[in-house]
Amino acid sequence: MLLGVTHTDTGDAAARLAGKVHTLRILRGEQSVADVADAGVLVVSQFTLYADTRKGRRPSWSAAAPGPVAEPLVAAFCAHLSKVGVAVETGVFGADMRVELVNDGPITLILDS
């Protein structure tokens, strides 16, 4: 999953969102990550989810939280998933990474805390 953090996000919001991701029935057979024994979650921090493209030709990233704010919240989100037994994989925060993604099914959701 791609995880964006904004200035108003909190540790409580990270916990609520992790709980939602854990129990949301979006896998085959209307199952959730909590229902599938070997289900894991790949969490990639993605500040570009908060791009504002309403003005001009260059996106603004001002709605994205800066690294010192976002990184601990991404870590808290991952820790909450790990605490309930989910295998969590992450990238390197702030790194320029190449991530390949295959959507299995016609679903893309935006979850907001």
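The values are calculated or read from the model by the stated rules, or taken from the named source; none is laboratory data. Worth saying up front: this structure is predicted, and the values here are computed from it rather than measured. Neighbour counts run over all protein chains shown; Cβ positions are idealised from the backbone, glycine included. Just so you know, the surface numbers come from the protein's heavy atoms only, side chains and all, with ligands and any DNA or RNA stripped out. Shrake-Rupley method; radii C 1.70, N 1.55, O 1.52, S 1.80 Å.
Some observations on this one:
- For the chain, the solvent-accessible area of protein heavy atoms averages 72 Å² per residue (probe radius 1.4 Å; ligands and nucleic acids excluded).
- Exposure check, 1.4 Å probe, all protein chains in place: Phe77 carries approximately 0 Å² of accessible surface.
- In the complete set of protein chains, residue-level accessible area for Thr53 is approximately 100 Å², probe 1.4 angstrom.
- Expressed as a whole percent, the accessible area of the chain that falls on carbon and sulfur atoms is 53 (1.4 Å probe).
- Beta bridges by DSSP in the chain, antiparallel share as percent, to the nearest 5: 35 percent
- Accessible-area ranking of Asp35, Asp96, Asp104, largest first, probe 1.4 Å: Asp96, Asp104, Asp35
- Applied to the range 50-61, the Karplus parametrisation 6.51 cos²θ - 1.76 cosθ + 1.60 on θ = phi - 60° returns per-residue 3J(HN,Hα) values of 9, 5, 10, 10, 5, 10, x, 10, 10, x, 9, 10 Hz, with x for Gly and Pro.
- Nearest-10 value in Å² for the accessible area of Leu101, using the 1.4 Å probe: 130 Å²
- Neighbourhood net charge (13 Å Cβ-Cβ; Lys/Arg +1, Asp/Glu -1) for Asp9: -2
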